[in-house]
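**Q** Here's a structure for you.
The values are calculated or read from the model by the stated rules, or taken from the named source; none is laboratory data. What you see is a predicted model, and the numbers here were worked out from it, not measured in a lab. For neighbour counting, all protein chains shown are included, and Cβ atoms are generated from backbone atoms with ideal geometry for every residue, glycine included.
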Amino acid sequence: MQIPKSFLMKILKRLEKANLVTLKRGVSGGIRLLKNPIEITLYDVLVAMEKNIILNRCLINEKVCGVIPQCPVHDVWFKIRQKIIEALKEFNFQDLAKKGTAS
């Protein structure tokens, strides 16, 4: 995907910290998934990278908004966030790998 090596290493370190991969240096080194590919979803990777799926700060911390609980769009943002999370959990690495090799 033409990712610079330094940036790729930062990504891999975060994935390692989230217990999704293990990294081993040296001649016999490499990257190994710590779970079956069917068990790793896009949601897992995004949470490893971003910590939270945030559409609006008030979804994580209601104290940042002075309009809650009267805000007419707060519940809408919450529902949209939930649907995005559900959709991200539907895509696992096994299915993505199959799509990537289909020609």
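**Q** Scan the range 77-96 and report the pairs whose first residue is under 10 Å from D44 (Cα atoms) and whose second residue is loosely packed, with under 13 Cβ neighbours inside 10 Å and not aromatic (F, W, Y), with Cβ atoms within less than 6 Å and a gap of 6+ or a chain change.
**A** Pairs that qualify, where the first residue is under 10 Å from D44 (Cα atoms) and the partner is loosely packed, with under 13 Cβ neighbours inside 10 Å and not aromatic (F, W, Y), are N92/I38.
**Q** Assess whether K35 counts as being among the basic types (K, R) and at negative phi.
**A** Working: among the basic types (K, R): yes; at negative phi: yes.
Spelling it out, K35 is indeed among the basic types (K, R) and at negative phi.
**Q** Taking into account only those residues within the range 58-103 that are modelled with pLDDT under 75 and among the polar types (S, T, N, Q), which is surrounded by the fewest Cβ atoms within 10 Å (Cβ to Cβ)?
**A** The selected residue is S103.
**Q** Just for the range 36-64: of the residues that are in a loop (DSSP other than H, G, I, E, B) and more than 15 Å from the chain's Cα centre (by Cα), which one is nearest to R14 (Cα to Cα)?
**A** Initially, the range 36-64 is screened for residues in a loop (DSSP other than H, G, I, E, B), giving 36, 40, 51-56, 60-61.
If we keep only those that are more than 15 Å from the chain's Cα centre (by Cα) as well, we get 36, 56, 60-61.
Numbers: N36: 18, N56: 23, I60: 21, N61: 24 Å.
Of everything passing the filter in the range 36-64, N36 is nearest to R14 (Cα to Cα).
This table checks each residue for (1) surrounded by fewer than 12 Cβ atoms within 10 Å (Cβ to Cβ); (2) basic (K, R); (3) closer than 30 Å to H74 by Cβ; (4) not assigned by TED's automatic domain parsing to the domain that holds F78.
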site	(1), (2), (3), (4)
M1	yes, no, no, yes
L12	no, no, no, yes
E16	no, no, no, yes
T22	no, no, no, yes
S28	yes, no, no, yes
V47	no, no, yes, no
I53	no, no, yes, no
N56	no, no, yes, no
